[in-house]
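I have placed the structure first, in the form of structure tokens, so that the comments after it can refer back to it.
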Amino acid sequence: MLKKIYSSRFLKIALLFAIIGGVGFTGYKMTNKSKTASNVTVTTKEEAVTRGDITIGFTGDGEAEIPVINLDFSLSGKIKEVHVKNGEQIQEGQILAKLDDTEYQNKLRTAELSYNKAVATLEQKEENARLNLISAKQKLDELKRQIKQIETEYLPMLELQDYYSPQEVALKKISYENAQAAYDVQLEQYNALLSSNKDIELEKVNVESALINLEMAKNDLEDTILKSPVSATVLNVSYKAGESFSPPSTSGKATADTSHFMVVSDADKVEVVVPVSETDLSKVAIGQTIEVAFEAHPGENYVGKVTGINALPMIDSSGLVTYDVRIELDGSMGKIRSGMTCTVSFILRQEKNVLIIPNKAVSMVDGKQVVKVKDKDGNLQTKNIKTGLTDGKYVAVTEGLEVGETVVIETIK
């Protein structure tokens, strides 16, 4: 009996603790939930619907290169005149500078004398050859006449030998044979004069050589005057009148080198060189449109096209492989200077002048894109929209919003 009463008390005490524990756990959960709810904050940010461009691509750091033309005299000499200065606009064919041409004037006169002498010698030898040929022809004709005359006497004697003594016939035969032999010798000499022109050909070579020297002397004299091959801007003049000049050694790349007499540039042409990694190179093509922003001119964007991709790689000390891509910018580039750094954007896809909003403003509700819009009275309403291209930060809105509307971005922390 006592054992039964003890068990009943134990059950009551256990039930009481269970009730107290349950109530305590429920109170803890409710208290903790209240605390969690009190730590959640919602912040809002308003963004206006605007028009702009959405671009997908990649960027690289580049450097401007203004194509330059190095202008030099092809001759050595003392500078006599300089007609232009740095920053001056020059026209094609304009005289820029002159060398002292005294030495080259003398060389031209000497070459002219040598040429005239060679021509005179050739003419004299041609005249002598002509006269010698005439004289040889006259002798040949005279010998032929003599043979004819002897034949008129000798041939009848052969037919009428009974009327002439053997001595007379023999003498006439000797005369005939001698005349024929003299004629044959003279004919050979005449043919030799007629076909032999070695002396004439040699003199013609001398004339040709003298003419080449004369043309070179004329060119050298003309080269003492430096003219501009293009209309351009003078970037640098390294010499002044009275200084001595020698042509610098040529190099493969045209750069603004002060060893050159003058450096000019076409101000409407600016190139940008940007190294592109081997992983991005497949996204670059000749003729591709790019956008360039120079650090020296913030807020200004320039447009250009890819004109060349270097076939040889550049490998830095860390093993990074890049290829130089050359870009030619469009339009007037008067403010751009060689060496200016810039950011180059290679455009893969682009939508221009579209409605844009931040990506974070768009939510998905029941499979539809929605945004929260704040009306004129400050009330929020939800609008269904349709979007297009996105660059990861902004998205193009194709339907559902208008310029000037305000979208609200809610952020829960």
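Being assigned to a strand (DSSP E or B) and not assigned by TED's automatic domain parsing to the domain that holds residue 246 holds for only one residue in 56, 79, and it is 56. The residue that is farthest from residue 315 (Cα to Cα), among those in region 264-303 that are β-branched (Val, Ile, Thr) and in a loop (DSSP other than H, G, I, E, B), is 270.
Among residues of region 55-70 that are in contact (Cβ under 8 Å) with a residue 40 or more places away in the chain and surrounded by 18 or more Cβ atoms within 10 Å (Cβ to Cβ), those with a beta-carbon under 9 Å from a residue that is of a type in the set (Lys, Arg) and outside any strand (DSSP E or B) at least six positions away or on a different chain give the pairs 57/283; 64/337; 66/269; 66/337. In region 150-170, the residues that are among the aliphatic types (A, V, I, L, M) reach residues that are surrounded by 10 or more Cβ atoms within 10 Å (Cβ to Cβ) and not in a helix (DSSP H, G or I) with C-beta atoms within less than 9 angstrom, at least six apart or across chains, in these pairs: 157/164.
Residues 204, 198, 240: which one is among the basic types (Lys, Arg) and closer than 30 Å to residue 337 by Cα? Step through it out loud before you land on a result.
On the way: 204 fails: closer than 30 Å to residue 337 by Cα; 198 fails: closer than 30 Å to residue 337 by Cα.
It is 240.
None of 214, 194 is farther than 30 Å from residue 97 by Cβ and either at pLDDT below 90 or out of contact with any Gly (no Cβ under 7 Å at 6 or more places or on another chain) (or both) except 194.
Quick one: which residue in 179, 170 is over 30 Å from residue 128 (Cα atoms) and assigned to a helix (DSSP H, G or I)? Step through it out loud before you land on a result.
Working: 179 fails: over 30 Å from residue 128 (Cα atoms).
Only one candidate qualifies: 170.
Taken together, the residues in region 305-325 that are part of a strand (DSSP E or B) and either within 15 Å of the chain's Cα centre (by Cα) or within 16 Å of residue 340 (Cα to Cα) (or both) amount to 7.
The values are calculated or read from the model by the stated rules, or taken from the named source; none is laboratory data. The model shown is predicted, which means the values in this text are computed figures rather than measured ones. We place every Cβ from the backbone using ideal geometry, glycine too, and count neighbours over all the protein chains shown.
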